[in-house]
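Reviewing the structure listed below.
What follows is calculated from the coordinates using simple rules that are stated; it is not laboratory data. Since this is a predicted model, take the numbers as computed values, not measurements. Here the Cβ is made from the backbone with ideal geometry for all residues, glycine too, and neighbour counts use every protein chain on show.
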Amino acid sequence: RAAMPALAGVGNGAIVAQGGSYRQSGGARMAVATMEGNDVLAVGQNPLPDASPLPVEVPDAAKLAMQKRAQDRDDNLSTCRSICTFFAFLLVFTAAMLMDQTASSSRLADHVRLMISRGPVPLESIHKTDELYGYVEQVIIPAVYKMDSKDAQLALGMSDYYHPVDVYNRMLGSVRIRQSRVKLKDDCQVGPLFAEYRIKCYPPLFFPADEDTAPFGPDLKFGHSTDDGGSTYAGSLGMYPPSGYMVSLPMDSQGALDKIKELRDGEFLGPWTRCVFIDLVVWSPNINTYSILTVMAEFGPGGGVVTHTALLSMSNRMLRAGGGFTDPSDIASLCLLILVLIFVVAFIAEELREIKKSGSDYFRDGWNILDWINMLLLLVGFGMRVFIWSEAAGMEIGQAQLSNPSLFPSFRSFAQVCEMVKLLNAINAVLLFGKCTKYLRHIPVIKELVRVLWKALDLFVPFFVMLFVAFLGFGMAYSVAFGDRIWELSSLGSALVYLCRAFVRDVTLMPVYAMMPQFGAAMILMFYIIFLLLGVNILFAIIADAMFRHKYEAQEGKDENNHEDEPVEEFFREIRRRWRAFLKRRFPKLYKRIYRRKKKRVEEQDGDKAPNPNGDFVLPEDSDDESVNSFAQDKGPALPTKDDLMRSIEHMSGRIFSEMSIVGIEIQSELHDVCERVAQMQMAVEELSMRADGVRLDQEDFLKDPGDE
């Protein structure tokens, strides 16, 4: 038996024998191929009846290139369709989110904040519980109860329902004051030094067991109650549940002042008070928007007060599907939301098909994980909005206040759900516009820039991890060293936020230096050297290195024109192809006149160069250019290429600039020395001038009265 020549599988079941002939069976019908002499015989399930050799059909490189080009064309068009679909979805999502935003709502929020910030007693000036009474008397009550003002009279003339704050806005219910009170604790002494003493105290309020729920005051008239529509508040000095001792102010100014006097006389606030909440709800009928305002004052167990103002807004469009279908913009917003949901469902179906096709390899791509996170957040946000619509339909906001105007409407937890929907939409906006990078890398204009930045991630990610670890260490160091004396550094989270603000120069680290000059100066110097000097320069170096590598490294398949990863270019090529086919089918004469001339011009240009027998293109004999180099290995040393020359020039330029920088630094150092010496000489001259002036004055005094000597 002769040696079997090399075999190559081509197509479906075809076997090519170099130096012989073969028999072909379709697909899996051929099981074994044997060879006798130079012939390949098919032995399997369906052998051919005759053993006559068949002609060998060897597909050439052109046919394989055509198959690959067809596959690249299908991939490019599929990617182009994905790009168009994504940007259409991004446009719809952006329009839906912008439809929910109105300038009137933000103006209402600013108006309400300004309303409780104007007054003789600023909120930040409160340092003890007794001062809070003055804030309510001189700021809150004058801002809310303006029954004798012209605006209030105009508002009452239009409608006597709900208490008017001004001519534009009304208040649902009354102003409510809620207090979180802590239990009195026995045996607060520090042992064993004070073990024989009994010291009582009011500890911080972090756990529900520490909250005092027993009635107190004259005749035990201040009772504890739970706010069903409230929510737990995580403050700076403790955790406060949605319960406490609640008091609603009357709907007139004098009655509200009398109520505050009653609270002061009954010692409603005191050392047991840990937080006071002042709640009110403002409704603007012109824009049908609710503003839920809460003024908070936390009283620390060791002294000190932390004040804060929180405001939540709810529009009618958020509470009702389509805003009750009363305004065309509300209906358009609902249609856009439904269209966003349709896009999300289509994307989920597409991702499921990719999972079925790729299997476990699908989850190795980070973009796929980001797609699922984005889609799940969109579904959660839409589900929460449906929940809001269903709950708001049964709440009947403001209905109870028509019969009882002083009843406070408590739906802050419901407003926080509306706020959570906005936050989810904000996160989705960041993720969606971040995903633009996934598709912009296919756009010809910015493709190279995205590739450079993508290469920089190989070094940037580990560098960022190292920088984050160092930043975490600095945050821990600042919190441990100065947290007991500087409130902004009291916890690790607040210390990291403070250092971030210091990095962007929003705040300074001078309080640290004021506390401990030597240690603080060392910490500040290390922080700025590591993050500003070293970190920023390394970041620039990583980007410069990525640009350098992308510019000079040889790319795989650089000389091959396979049109891989060209979805946009393929789209325009497809348009041109279909246009040519349309002209050829409908207007053949015009097609010949246009494209035959172009083809002839191209052939004339290509005819200027003719291939030699070796397959290389050379210049014709009558060419004026006689400086031709073949760069053959047997004709002396190979000359450097253009890329090598450019790289060498760049290295030389970098070396020259480096030497110039070193020389500049040396010159600057010498100039500093010269300036220092000149300053010393100037000081010496001034000292000599002073001494000369002293000698001169002494001589003048001596000459005026020489007889005293």
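Table for the structure above
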| item | result |
| --- | --- |
| Relative contact order for the stretch 283-343, counting Cα pairs under 8 Å that sit 6 or more residues apart, in percent | 23 percent |
| Calculated FRET efficiency for the pair Glu354/Phe433, C-beta based, R₀ 25 Å, to 0.05 | 0.65 |
| Shape metrics for the stretch 384-423, restricted to C-alpha atoms - Rg then Dmax, Å | 11.8, 36 |
| Gain on full stretching of the segment that runs from Ile543 to Met66 - 0.36 nm per residue minus C-alpha separation | 167.9 nm |
| Hull-based mean projected area of the stretch 155-279, where the convex hull spans the alpha carbons, in square nanometres | 10.6 nm² |
| Table column - 3J(HN,Hα) (Hz), the stretch 82-98, Karplus curve with 6.51, -1.76, 1.60, x for Gly and Pro | 5, 5, 5, 5, 5, 6, 5, 5, 4, 5, 5, 4, 4, 5, 5, 6, 6 |
| Virtual spin-label span in nm between Val445 and Val497, 7 Å along Cα→Cβ | 4.0 nm |
| 19 Å Cα-Cα threshold exceeded, pairs from Lys146/Lys259; Lys221/Lys261; Lys185/Lys261 | Lys185/Lys261 |
| FRET efficiency for Glu564 and Ile594, using Cβ-Cβ distance with R0 set to 22 Å, rounded to 0.05 | 0.15 |
| Inter-label distance, nm, simple model (7 Å from Cα along the C-beta direction), Ala332/Met158 | 2.5 nm |
| Using θ = phi - 60° and Karplus 6.51 cos²θ - 1.76 cosθ + 1.60, couplings along the stretch 235-244 (whole Hz; Gly, Pro as x) | x, 7, 10, x, 10, 10, x, x, 8, x |
| Length released on extending from Phe463 to Ile530, taking residue separation times 0.36 nm less the Cα-Cα span | 22.9 nm |
| Under-5 Å amide H pairs with Ser490, H placed in peptide plane, nonlocal only | none |
| Segments 154-160, 584-590, 261-267 sorted - mean Cβ within 10 Å per residue, highest first | 261-267, 154-160, 584-590 |
| Filter on Lys435/Lys455; Lys447/Lys584; Lys68/Lys357; Lys356/Lys447 - keep pairs with C-alpha separation over 25 Å | Lys447/Lys584; Lys356/Lys447 |
| Full-stretch length increase - Ser406, Glu574 - with 0.36 nm per residue and alpha-carbon distance subtracted | 53.4 nm |
| Where labels lie 7 Å past Cα in the beta-carbon direction, separation of Ala310 and Ile373 in nm | 2.7 nm |
| Expected-Rg normalisation [2.2 N^0.38 Å, Cα atoms] applied to the stretch 366-501 | 1.64 |
